[in-house]
1. Indicate the helices, whole DSSP H runs only, in chain B that combine a mean Kyte-Doolittle hydropathy of 1.6 or more with a Cα extent along their long axis of 27 angstrom or more.
2. Could you please state how large a percent of the accessible area of region B:39-265 is carbon and sulfur, counting protein chains only and using a 1.4 Å probe?
3. Just the accessible area for A:Thr334, please: 1.4 Å probe, Å², rounded to the nearest 10?
4. Which shape class applies to chain B: rounded if a/c is under 1.5, otherwise prolate when a/b exceeds b/c and oblate if not, where a ≥ b ≥ c are the square roots of the Cα gyration tensor eigenvalues?
5. If you take every DSSP beta bridge whose two residues both sit in region A:21-219, what share of them, in percent to the nearest 5, is antiparallel?
6. Report the calculated FRET efficiency for B:Trp53 and A:Ser136 (r = Cβ-Cβ distance, R0 = 41 Å), to the nearest 0.05.
7. Under a crude label model (7 Å from the Cα following the beta-carbon direction), how far is A:Asp13 from A:Ser44 in nanometres?
8. Using 0.36 nm per residue, how much length does the chain from A:Ala324 to A:Ser342 gain when fully extended, once their Cα-Cα distance is taken away?
Amino acid sequence: MAQAGPFRIGPLDLEVREGEYFVVLGPSGSGKTVLLETIAGVRSPAGGRLLLDGRDAAELSPEQRRVGFVYQDSLLFPNLDVAGNIAFGLGPVTTRAWVGAGLRRRPRAAGDPRVAAAADLVGAGELLQRAVGGLSGGEQQRVALARAMVTEPRLLLLDEPLANLDQPTREGLQSVLRQIHRRFPTTVVHVTHDLPEATVLADRCAVLGDGRLHQVGAPGDVFGRPADEFVARLTGGRNVFRGLARRAGDHTIVEIDGPTRLVSTTAMTGRVGVSVRPEELQVSAAEVSRGGDRCPTGRAADNRLEGVVTEVLDLGATALVRVALPVTLTALMTRRQVALQSLSPGLTVHVELAASAVHLFEWQGREQPGGAAPDAGGIGADDRSPFGGP
Amino acid sequence: MSTRRRRPTAIVVLFSFLGAVLLAFVLVPVMALILGTSPGSVAEAFDEGVVRWSLWLTLYAALIATAIAFVLGVPLAYLLARRDFRGKALIEGLIDVPIVFPHTAAGVALLTVYGQDGILGRLLAPLGLTFTDSVPGIVVAMMFVSLPFLVDTAREAFALVDPRYEQVARTLGASPGVAFLRTTLPMARRGVLAGVVMMWARGISEFGAVVILAYNPKIVPVLVYERFEGFGLDAAKPVAVIIVLVALVVFVALRAFLGPRRVRSARPGAGRRAEP
């Protein structure tokens, strides 16, 4: 739960366009919940302005803002049944109905056709008579979504709505969310720390960290062209380095740790940050690969480097392969590719990489001897993102 | 897979023994009182108009005290559970002051204010409200000493309800008052009700403060004392048995009504489990 107190975020300057699906991506404790609660009006900003449809929202109470709010933990009212929960926003008059094992309160509006429609929208039509206590996590979130949607909010605020769910349930709810967004003109602001969630759902996304915005843009831009080290690392960039860049013709040459030179299409010079997404690297056993013709773009300026495999981590469908050039690069490959190449520690390999995949950004981080990122050591637990396990 | 219960460890055996001593300490006098009094004498005492009227007065005065404290105390309990403000700890301490007061001292303090020469005594006299030797005096004394039980229990019950329920209700169009009435209050109702019954039961059993402020009309605890002083132990026992039985019935009813769980642990807001 987000707590007030010493925690502060901002200043943030953020515009969400009408009707778009906007995802705020940030690690735990980055202020995402506080941001949503401020938009909903249950928390007041210390300064600045919040405009809803161009109107200053300062004088609007939460009940006047027409926002729907879904928390990570559903927060279904335990004293009401499923229909009663969904009908909550339609009116306060309650009656009693037999639900499950006992007599339970439900708003009279539970018989309203809008309740059934909202339940059907989220695939919870079968649950209407149930008590909320017996619902699974996924069912609870469906009901929470229906409860928020029944009042036809103009803005739907989702606070990590899929975080507590297992993978199949999460995928089911992702398609529910996409469907809601397709069928209703509702603007959605969805906060999450989960990268695939952002790429699957977002029209645009913002990266929030340490209470400030790092980057806003289409998911493809944020993932492929991170604005800074924080974004590069958060979006699963395992190969983040500090380098020295100079222009050479129509491309840039960046030196990482002295001997390692990479060609990039990003036009920058001087001290830079370098980010290479692990799935862009192609690793092949040295004796198998011949010439530079295997590069994805086939351009002469692309990178072809020799190194030694130091570690192969089997993730099930995929595998992480670490190669010392001597700078250590991590490649994400399919398991089949790894098997075909018989990649194993000690093997000399060629690493191939398109110049367009070598992304440069302004380096604002700490000075580090050797240029390697601080956690470029062994393969850790978070190596399972972004493509997950089996 | 089957598991065998582990044998109790030495510490469990020791703690069980210590607990049993304490239970015996409570149970033995109660049983001695009830079993050592002939049912005939209890029935005889119950037949007395004075005793019946006294019993009715006791229950009724405690109920009024609880009702007044409910109206004034439950909103305060909610504020204490939900808001942070300067002096909150002081207020919480003040609410509990009657618990640490000797009740006779509480009675003296009340007499100073509500007596014929006290501020409130003089102020309210024109309205026909006198507090010495009167039902209002009994109510005031009972309320003073037993209100912490209601306020504390209700505060705990409110604190256990996640405040975000009200926030969700607000986004669904409920005003702050409606959000409270439709979410927090029904979710905390077990705890609030437990507080009500505890305060009522505590009011029924009050003696010290009442005897100073309003010896007459006599509530049952005063009656027991009077008969003990005037006629000895055997005269006091039947009346004592009656009030003890009434208290037990109230308490057992409370446990049955609130379910098998501990009264204070009714946590509707904390879990996602349905209430039984």
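The values are calculated or read from the model by the stated rules, or taken from the named source; none is laboratory data. Since the model is a prediction, treat every value here as computed from it, not as a measurement. No Cβ is skipped: glycine too gets one built from the backbone with ideal geometry, and neighbour counts run over all protein chains shown. Heavy atoms of the whole protein, side chains included, go into the accessibility calculation; ligands, DNA and RNA do not. Shrake-Rupley method; radii C 1.70, N 1.55, O 1.52, S 1.80 Å.
1. Helices meeting the span and hydropathy rule in chain B are B:10-35, B:233-257.
2. Taking all protein chains in place, region B:39-265 shows 69 percent carbon and sulfur surface.
3. 60 Å²
4. Here chain B falls in the oblate category.
5. That works out to approximately 40 percent antiparallel.
6. Taking R0 as 41 Å, the efficiency between B:Trp53 and A:Ser136 is 0.10.
7. Taking the simple label geometry, A:Asp13 and A:Ser44 are separated by 2.6 nm.
8. Full extension of this stretch gives 4.8 nm more.
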